[in-house]
Amino acid sequence: MTASSAPGGSRRSETDSAGFTASPQLAQALQQIVVDLVELHLQGKQAHWNVVGHNFRDLHLQLDEIVDEARESADTIAERMRALAACPDGRTETVAATTTLPAFPEGEQNVSAVVDLVTARLRATVDTLRTLHDQVDSEDPSTADLLHAVIDSLEKHAWMVSAENRSV
């Protein structure tokens, strides 16, 4: 086993590398993504609890998958922020004040309405990710790779949910 060496072959001292730290701009971009993912999780649960009508059970279960995906993705991005010495803020007042997602209506909602509401929120969250992607990628391609996976998953959910209201 050989010792790690710096570029050029000289050994690094133990204090030579402080590690990569997110700039304020990168931290803010990731914070916005975390907020929208947390809000997607909360709105997905609101829809899950209050959906009624034909095909209720299928959508009820599908909403749990979306909620799990949003929660896990928020956790992944928040933990990436911590790895980059940035502090995520998922407090309710922060989420409510800074999310870009439209508010979800209160009370019972029929299946068809929930399909449209959830599809719109999935697409809005993806829009946040896509809007901030290039900024994230220019500073930290590793984090941008995490965003790719979230985008892929949420776009798949949007397609699958929206298909409920489609016919040919």
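Across the alpha-carbon atoms of segment 63-168, the computed radius of gyration and Dmax are 15.1, 50 angstrom. Between R12, R123, R82, the GNM of the chain built on Cα springs shorter than 10 angstrom shows R12 fluctuating the most. Near the amide H of Q109, within less than 5 Å, lie the amide hydrogens of V51, V52, all on another chain or at least 5 residues away, with H placed in the peptide plane. For segment 100-120, backbone nitrogen atoms closer than 15 Å to the point 7 Å from V52 Cα along Cα-to-C-beta are found at 106-114. Within the listed set V67, V126, V95, the Gaussian network model of the chain (springs between alpha-carbon atoms below 10 Å) gives the highest mean-square fluctuation for V95. Taking each residue as 0.36 nm, the span from A120 to D137 lengthens on full extension beyond its C-alpha to C-alpha distance by 3.6 nm. Note that segment 13-111, at 37 °C in a medium of 0.692 mPa s, gets a Stokes-Einstein diffusion coefficient of 217 µm²/s from its Kirkwood radius over C-alpha pairs. Given a 1.4 Å probe and the protein chains as shown, D127 ends up with an accessible area of around 90 Å².
Taking GluC sites (Glu not before Pro) across segment 65-168, the ones in a DSSP loop with at most 15 further Cβ atoms lying within 10 angstrom of their Cβ are E106, E108.
Label segment 13-63 by shape, choosing from rounded, prolate and oblate, from the square roots a ≥ b ≥ c of the eigenvalues of the Cα gyration tensor; if a/c is under 1.5 it is rounded, and otherwise prolate applies when a/b is larger than b/c, oblate when it is not. Prolate is the answer for segment 13-63, as a/c is 1.5 or above and a/b outweighs b/c. With the whole protein complex present, V34 retains an accessible surface near 10 Å², based on a 1.4 Å probe. What you get for segment 15-148, charging only the Cβ of Lys and Arg (+1) and of Asp and Glu (-1), is a dipole of about 240 debye around the Cα centre. Its relative contact order, with pairs defined as Cα atoms under 8 Å and 6+ residues apart, puts the chain at 28 percent. Rounded to 0.05, the FRET efficiency of the W159 and E14 pair, given R0 = 35 Å and the Cβ-Cβ distance, is 0.10. Only one residue of A158, L132, V168 has its Cα farthest out toward the positive end of the dipole of segment 128-168, where Lys and Arg carry +1 and Asp and Glu -1 on Cβ, and that residue is V168.
The values are calculated or read from the model by the stated rules, or taken from the named source; none is laboratory data. Values in this document were obtained by computation on a predicted structure and should not be read as measured data. All Cβ positions, glycine included, derive from the backbone under ideal geometry; neighbour counts span all protein chains shown. Accessible surface is based on the protein model in full, side chains and every heavy atom, while ligands, DNA and RNA are left aside. Shrake-Rupley method; radii C 1.70, N 1.55, O 1.52, S 1.80 Å.
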